[in-house]
Each structure stands twice: as C-alpha cells, then as structure tokens.
Amino acid sequence: MDPYDRFELILNNEVVKTPIAIASMAGWVDAAYVLARADHVGAAFMGGYSIDEATLKASDALVKAGRKEFVYDDPVEELAKQTALLKESDVVCGVNLRGSAPDAFQQIAEALGRGVVYEIDAHCRQQPMIDAGCGEYLLHHPDQLKATIEALKSAGVTVSVKIRAGVAANDKDLARLIWKAGADVIHADLMDFGHAKVRQLRNSVPLMLIANNSINSFSVAKEMFSHGADMVSLARQSGAETLAALDAAVSQYADEIGWYNAPKQLCRGGDMRALTFCCMPVKDCPLLPLLRRIEMERGAFIALKQECVEKTPLEEGEHTCFGSLAFCCKSSTPCMFRDMHLRELGLSHQDYMRYKRRMAEKIMATIFS
Ligand SMILES: Cc1cc2nc3c(=O)[nH]c(=O)nc-3n(C[C@H](O)[C@H](O)[C@H](O)COP(=O)(O)O)c2cc1C
Ligand code: SF4
Ligand code: SF4
C-alpha cells in the first residue's frame, strides 16, 4: 500500500513512510547511523549537536568525563554535511540541537534551510549542558524555551521540542506553552509515566506527538498510538531488527484496522479523539465529565458530530442506536446493526475507521480552535 494511504502522516511537508523514528543519541546518531536503518524508519533526529560556544564547551567537558559526543569545530559545516547525506533517503530529516541562546538556533536554521526539522533539546540532564542554558534548563525556564521556539519559527522552519516528562512544573502547561509559541511537534521522553502521559499531552495540544522511552515492541507502541501518539521513537533500542519488526507490525495493523493510531473508546481510557466513537450524551458515562471539562454543551456536541459527517456515508444509519453512524462505536466493538448498515453502503470496517478518523480530526480542530 502507498505509505501516505496507509498512515496519512506528513512531517515538514514530506510523507512519513512509517510512524517510527530514531531518537537522538549524542555521539551515535548521525547520518551513517540513520542510513543503516533507513528502510524501517519514517523520520530520524540526528544528534544532539552543540551549536554555540557555551554548548561546545559543555560537549568538551562531557568528552573529558568519558561520554561520547559529536566533536567538530564548525557546527554549520558538520550539520550541513550530515543533513546532505540524508537528502537522497526517504527518511524525514531532523536534527537535535543544544544551544545556549535563541539566536544560535535561528542562525543554524537560516544556514541549513527548510528541508530539516529543528529539534530543541530541552531534555539533556547532563550538568555541563544545563549550566550552558540548554537541555533541562529550558524546562525550568519556559520563557527561554518560548523565545527559542519563536526564534526558530521566525526562520520559517518546522520545530520539534524534545522534552522529558515530569521535569517541568506542569507538563500540560508546558505543552500548551510549546504549542502557543508556534512549535509543530512535541517529542516526549515519557520516563515512567507511560501512555497516561501521552493521553495528557494529546488532550492538551493539537501538535504532532512523538512518544519515546523503552518502546521496543509493537504492544508498547500500540498503547502509545491508542492514547494519542502520532509516532513512536527509539534511541537505545534502535537496532535494525527491532525497527524492522515494529515497522512490519504497525503496517499490518494499519492495513487491518484502517486507522493505525485509532484511540480506545473514551470509557476504556481513550484520549479526546475518542469522541468520534461516542454515543449521544444520554447516560451517565465518562462523556459527560469530558464535555464539562471542555465546556461544550450536550446540544453543541450532538450538532458538532452531525456537522462533521455531513455529506459523508456516516451521515446515515437508520437501524443504528442513534440513527446515524456518527454516534456509532469503534469497529472492534461487535455490532450487527452498524455492520448491516455498512454492508448496505458497501463500506469495509477499514473505510469506516478512515471516516471516523476524518471526524476525529474535525472534532479536535473545533476543540483547539
Ligand atoms: C547515549 C545517549 C545519548 C543521548 N543523547 C541525547 C541528545 O543528545 N539529545 C536528546 O534529546 N536526547 C538524547 N538522548 C535521549 C534519547 O533520545 C531518548 O530520549 C532516551 O534514551 C529514552 O528513549 P529510549 O528508551 O528509546 O532509549 C540520549 C540517550 C542516550 C542513551
Ligand atoms: S458516550 Fe458511549 S462510547 Fe462514549 S464514553 Fe459514554 S458509553 Fe463510552
Ligand atoms: S448501533 Fe451498534 S455501533 Fe452503533 S451505537 Fe449502537 S451499539 Fe454502537
């Protein structure tokens, strides 16, 4: 199947062929590392690369302390070389950058141009990097993080922010600050918080969300996808065999289901995209508290769902519980009435889920408008 039809995933105006990324590991993940694994990843964040005097000095200190780092004299020259090597591949190219001031990031983006995703390293917890004003420093100084995102966006490029969950005072507020400052992607090291953190982030912002940390099997990846991740990333476990197995499993799942990151139903712990599967608000269930939280009246919710399916096959559904497929459950919930109607329409379960995905996108766009 064509990769766009399978995943419908775009990053930096490029089709992402599989929702699996390589996450940065300083001193390890460069173009050669990515190219050796290119068949089974859709995107890669090379680096981290230090990009100014203060962070280059921090890299020196880390090397002296025995850590592996990329070592070079001229960051622009090194980054131009590495990104050029990825140009011929079909892997969306990202670079993970450590800088001590917004200007440094902007200068790199202006030098390398728009063909690269610029990832701000707000993750590193090595003391020399924190002392240089990057990595975790940015999670404790959100104004500096905001200024860095804005500086990169002023160069017209795509921006990702790599965060470590549980470090900022409040991850929801952090995510919203990242969104409001104009970033395009949140790449979250979930630490031990798991899929609950993915759901919290998904319910806080409409950005592309990459889930990271110990995602080395399809069952873990699926948990992330079904709670709101658009992609998953691997660093320590980014061996070719693991990536190939994940790619094969997620592709098979996408073809079987029609929506590779379909949410769980709301009453089974799904994120807000699950509103696409919700019934009419007629009973005491998790829908009502959610509607209260997002300040949406019941009537407005019903009207929104009806509006979302106008002129689509989901508009009808005479024999279904609520007279329209707009209010019908996920395909994994067995239902002869829904399936009878789908058969009449000539729609497969996969097509049904693709329409439900469109509907979820419209619902989320309304919630975050
Ligand atoms: C040796 C090493 C170097 C790393 N360097 C960076 C870095 O430069 N920038 C960054 O954002 N994360 C860096 N990370 C963090 C990883 O990208 C990733 O978030 C973390 O290892 C958890 O994911 P994993 O379980 O897939 O490894 C590094 C991790 C390791 C093990
Ligand atoms: S409306 Fe239906 S699907 Fe949604 S939470 Fe309630 S019972 Fe579950
Ligand atoms: S008709 Fe079936 S799928 Fe539709 S809402 Fe009722 S139980 Fe769910």
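Before moving on, here are some points about what is shown:
- Total residues in region 176-192, condition buried (at least 17 other Cβ atoms within 10 Å of the Cβ), hydrophobic (A, V, I, L, M, F, W, C) and part of a loop (DSSP other than H, G, I, E, B): 3
- Complete set of residues in region 54-76 that are within 11 Å of ligand 1 (Cβ to nearest atom), charged (D, E, K, R) and touching a helix residue (DSSP H, G or I) at 6+ places or on another chain (Cβ under 8 Å): GLU69
- Taken together, ASP90, ASP2, ASP39 contain a single residue that is at pLDDT below 95 and closer than 27 Å to GLN350 by Cα, which is ASP2.
To keep it simple, each residue is scored yes or no on (1) modelled with pLDDT of 95 or more; (2) over 17 Å from ALA196 (Cα atoms); (3) more than 16 Å from ligand 1 (Cβ to nearest atom).
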| residue | (1), (2), (3) |
| --- | --- |
| MET231 | yes, no, no |
| ILE257 | yes, yes, yes |
| LYS264 | yes, no, yes |
| LEU275 | yes, yes, yes |
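- Restricting region 220-250 to residues that are buried (at least 17 other Cβ atoms within 10 Å of the Cβ) and over 27 Å from GLU361 (Cα atoms), the residue that is farthest from the chain's Cα centre (by Cα) is THR242.
- The residues on offer are THR312, THR320, and the sole one that is of a type in the set (Ser, Thr, Tyr), at pLDDT 95 or above and within 24 Å of SER369 (Cα to Cα) is THR312.
- In region 239-269, of all residues being part of a helix (DSSP H, G or I) and among the hydroxyl-bearing types (Ser, Thr, Tyr), the one that is nearest to ligand 2 (Cβ to nearest atom) corresponds to TYR253.
- Condition check for VAL282 on (1) under 18 Å from LYS330 (Cβ atoms); (2) within 16 Å of ligand 3 (Cβ to nearest atom): one failure, at (1).
- Yes/no for TYR118 being assigned by TED's automatic domain parsing to the domain that holds PHE45, more than 16 Å from ligand 3 (Cβ to nearest atom), within 14 Å of ALA101 (Cα to Cα) and of a type in the set (Phe, Trp, Tyr): no
- Residue list for region 22-49, filter: more than 9 Å from ligand 1 (Cβ to nearest atom) and among the small types (Gly, Ala, Ser): ALA31, ALA32, ALA36, ALA38, GLY42, ALA43, ALA44
- Candidate set: region 275-293, residues that are more than 6 Å from ligand 2 (Cβ to nearest atom) and in contact (Cβ under 8 Å) with a residue 24 or more places away in the chain; chosen: the one surrounded by the most Cβ atoms within 10 Å (Cβ to Cβ): THR276
- Test: residue in region 270-277 that is outside any helix (DSSP H, G or I) and at positive phi: no
- Residue that is farthest from ligand 1 (Cβ to nearest atom), among those in region 294-331 that are small (Gly, Ala, Ser) and touching a residue at least 24 places away in the same chain (Cβ under 8 Å): GLY317
- Residue pairs whose Cβ atoms lie under 6 Å apart, separated by 6 or more positions or on different chains, with the first residue in region 172-199 and under 21 Å from ILE10 (Cα atoms) and the second away from ligand 3 (no atom under 16 Å from the Cβ) and of a type in the set (Ser, Thr, Tyr), are ALA175/SER204; ASP184/THR158; VAL185/SER160; HIS187/SER160.
The values are calculated or read from the model by the stated rules, or taken from the named source; none is laboratory data. Remember, it's a predicted structure, so these values are computed and weren't measured experimentally. Cβ coordinates were reconstructed from backbone atoms using ideal geometry, including for glycine residues, and neighbour counts include every protein chain displayed.
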